[in-house]
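Below: the structure, in structure tokens.
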């Protein structure tokens, strides 16, 4: 389940690689999230390329990668078509049901909520050190997040 793993917001390939490297060193899996509405201003291809590279480098560490599509159902569909398996959407129930109906075709998941606790790599002094401290709390108190 996606909420069972720590979530980290990334803003660049460097953010993603740093976060996943830290998680790898701590032997825990994490979920990567884009910033709110990132699909609109960065594009689906940007996220796809970052996640593709990260899956090659950190396959055992990356649990899920979720692209935030805000309220744009067209971008959710584009993300699924592009090969992104997880997208966040908020909108009316009719559109949600329509999007959920295409998820099985793409073997994708539509996320309707964002994690309550999420670490944001952006605008921090020493983000890697703070990410390491934040992720350490998961590895210490929650053995469910670990892998061998």
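Can you tell me which residues in region 99-119 are touching a helix residue (DSSP H, G or I) at 6+ places or on another chain (Cβ under 9 Å) and surrounded by 14 or more Cβ atoms within 10 Å (Cβ to Cβ)?
Across region 99-119, the qualifying residues are 99, 102, 103, 106, 108, 109, 110, 111, 115, 119.
Can you tell me which residue within region 55-64, out of those that are in contact with a strand residue (DSSP E or B) (Cβ under 9 Å, 6 or more places away or on another chain), in contact (Cβ under 8 Å) with a residue 40 or more places away in the chain and not in a loop (DSSP other than H, G, I, E, B), is farthest from residue 23 (Cα to Cα)?
64
Can you tell me which residue is farthest from residue 94 (Cα to Cα) among those in region 48-75 that are surrounded by 21 or more Cβ atoms within 10 Å (Cβ to Cβ) and out of contact with any helix residue (DSSP H, G or I) (no Cβ under 7 Å at 6 or more places or on another chain)?
Per the criteria, the residue is 51.
Among the residues in region 104-117, are any closer than 25 Å to residue 4 by Cα, part of a helix (DSSP H, G or I) and in contact with a strand residue (DSSP E or B) (Cβ under 6 Å, 6 or more places away or on another chain)?
no
Could you tell me whether any residue of region 32-47 is in a helix (DSSP H, G or I), surrounded by 14 or more Cβ atoms within 10 Å (Cβ to Cβ), out of contact with any strand residue (DSSP E or B) (no Cβ under 7 Å at 6 or more places or on another chain) and free of Cβ contacts under 8 Å to residues at least 12 places away in the same chain?
Checking region 32-47: at least one residue is in a helix (DSSP H, G or I), surrounded by 14 or more Cβ atoms within 10 Å (Cβ to Cβ), out of contact with any strand residue (DSSP E or B) (no Cβ under 7 Å at 6 or more places or on another chain) and free of Cβ contacts under 8 Å to residues at least 12 places away in the same chain.
One residue is enough: does region 77-85 have a residue meeting the conditions within 11 Å of the chain's Cα centre (by Cα) and in a loop (DSSP other than H, G, I, E, B)? Working first, answer last.
Restricting attention to region 77-85, the residues satisfying the condition of being within 11 Å of the chain's Cα centre (by Cα) are 84-85.
Then keep just the ones that are in a loop (DSSP other than H, G, I, E, B); that gives 84-85.
Yes; the residues of region 77-85 include at least one that is within 11 Å of the chain's Cα centre (by Cα) and in a loop (DSSP other than H, G, I, E, B).
Before we move on, is residue 67 closer than 20 Å to residue 118 by Cα, modelled with pLDDT of 95 or more and not in a helix (DSSP H, G or I)? Working first, answer last.
Working: closer than 20 Å to residue 118 by Cα: yes; modelled with pLDDT of 95 or more: yes; not in a helix (DSSP H, G or I): yes.
Yes, satisfied.
The values are calculated or read from the model by the stated rules, or taken from the named source; none is laboratory data. Predicted, not measured: the structure shown is a model, and the values here were computed from it. FYI the Cβ positions are ideal-geometry reconstructions off the backbone, even for glycines, and counts take in every protein chain you see.
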